[in-house]
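Please read the structure below before turning to the comments.
The values are calculated or read from the model by the stated rules, or taken from the named source; none is laboratory data. Predicted, not measured: the structure shown is a model, and the values here were computed from it. Every residue, glycine as well, gets a Cβ built from its backbone with ideal geometry; the counts of neighbours run over all protein chains shown. The area values use the complete protein model at the heavy-atom level, side chains included, leaving out ligands, DNA and RNA. Shrake-Rupley method; radii C 1.70, N 1.55, O 1.52, S 1.80 Å.
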Amino acid sequence: MVKHSQLNMALPTALEIRLILGVFFQFYRRHLWLFFLFVLGLSLGSALLGAIQGLNQEASNRYHQTSALINNPISHFVRPIHGSKTLEATIWQTLRKAGVRSAEPVAEGVVTVVEGQKVRIKGVNTLQWLGKGSQPDRQQNQNPSMQFGFNTIYISNALAERFSLKQYQSMQIAGVDCVFVVLPGLSGNTALADIALVDRLLHLEGKISYIEISDFHLNSAQVNAIIANKARLQSAEAQSFDSLSQAFFFNLKALARLLSP
């Protein structure tokens, strides 16, 4: 009796699903353009969710090292206020004097290298490598011929292949003599150099792009009091949301333009 009653309950459910699917297909057969938009929206939505998941994963892994390749996770950033692209270097100096020893400046921008091709470059305080176990420092120990210098630009194998650059190749960029060194441990499409060299290449005149801080017990109130209205303190955990929101609104605008008559 129990099996018979369960079978009777399953039959109406199956009939209801069949009826719903039948109405669904009949409707979209009469309105093919709506079916096309439905499939398009489903595809774009799946692509957007995949992109968001990838961005979150990339953002969570991005700050396990500092820009100078020091194995010390980044906890905070000091960034320019809205409407400005650079910071005064005195902000970093004031933070260091106040006891925020893990604060390190970064200068970032785009330079032209070979035949008008551009590459993003980061300038860091390479003096950190003299006292900490960084990747370039380990590479120097493994390869005595590797020269450390303030005119050195470190690039990945991918960038070397892309621009057809050889190890220790010299080149003049923006009137400055530079030497390219391929660093196997460096990944991505961003070159690395000393912040003084990047300052000259980008004509920053002593200004910096942002400051990285590796201190999960940072006194945020103290830092905010120091930077006042000259900069803004940002948690590294908030970076994934920034990337996610930028990608979301970019895709939303693209979808709106696609569907607009």
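What residue, of Ile173, Ile227, is under 22 Å from Val110 (Cα atoms) and either at pLDDT 85 or above or aromatic (Phe, Trp, Tyr) (or both)?
Answer to the check: Ile173.
Residues being modelled with pLDDT of 70 or more, open to solvent by less than 100 Å² (accessible area, probe 1.4 Å) and over 30 Å from Glu237 (Cβ atoms): count how many of those fall in segment 1-52.
Residues meeting the conditions: 18.
Which residue out of Gln246, Gln239 is open to solvent by less than 40 Å² (accessible area, probe 1.4 Å), under 30 Å from Gly45 (Cβ atoms) and either modelled with pLDDT of 90 or more or outside any loop (DSSP other than H, G, I, E, B) (or both)?
Result of the check over Gln246, Gln239: Gln239.
Within the group Leu192, Leu186, Leu197, Leu204, which residue is out of contact with any Phe, Trp or Tyr (no Cβ under 8 Å at 6 or more places or on another chain) and of a type in the set (A, V, I, L, M, F, W, C)?
Criteria check complete, one pass: Leu204.
Applying the selection to segment 53-84, what residues are assigned to a loop (DSSP other than H, G, I, E, B) and either among the small types (Gly, Ala, Ser) or at pLDDT 90 or above (or both)? It would help to see each step written out before you state the result.
Quick first cut of segment 53-84, residues assigned to a loop (DSSP other than H, G, I, E, B) only: 63-75, 81-84.
The answer is Ser67, Ala68, Ser75, Ile81, Gly83, Ser84.
Being open to solvent by 70 Å² or more (accessible area, probe 1.4 Å) and either of a type in the set (Val, Ile, Thr) or assigned to a strand (DSSP E or B) (or both) is the filter here, so list the residues in segment 86-120 that pass it.
The first filter runs over segment 86-120 and keeps only residues open to solvent by 70 Å² or more (accessible area, probe 1.4 Å), leaving 88, 90, 93, 97, 101, 110, 115, 118, 120.
Correct list: Glu88, Thr90, Val110, Lys118, Arg120.
Within segment 178-218, how many residues are free of Cβ contacts under 8 Å to residues at least 40 places away in the same chain and either over 20 Å from Thr90 (Cβ atoms) or exposed (fewer than 13 other Cβ atoms within 10 Å of the Cβ) (or both)?
If we filter segment 178-218 for residues that are free of Cβ contacts under 8 Å to residues at least 40 places away in the same chain, which is where we start, we get 178-182, 187-188, 200, 203, 205, 217.
Going one step further and asking which of them are either over 20 Å from Thr90 (Cβ atoms) or exposed (fewer than 13 other Cβ atoms within 10 Å of the Cβ) (or both), we end up with 178-182, 187-188, 203, 205, 217.
Matching residues across segment 178-218 total 10.
Has segment 128-140 got at least one residue that is at pLDDT 90 or above and open to solvent by less than 30 Å² (accessible area, probe 1.4 Å)?
no
State the number of residues belonging to segment 158-177 that are open to solvent by 80 Å² or more (accessible area, probe 1.4 Å) and within 26 Å of the chain's Cα centre (by Cα).
3
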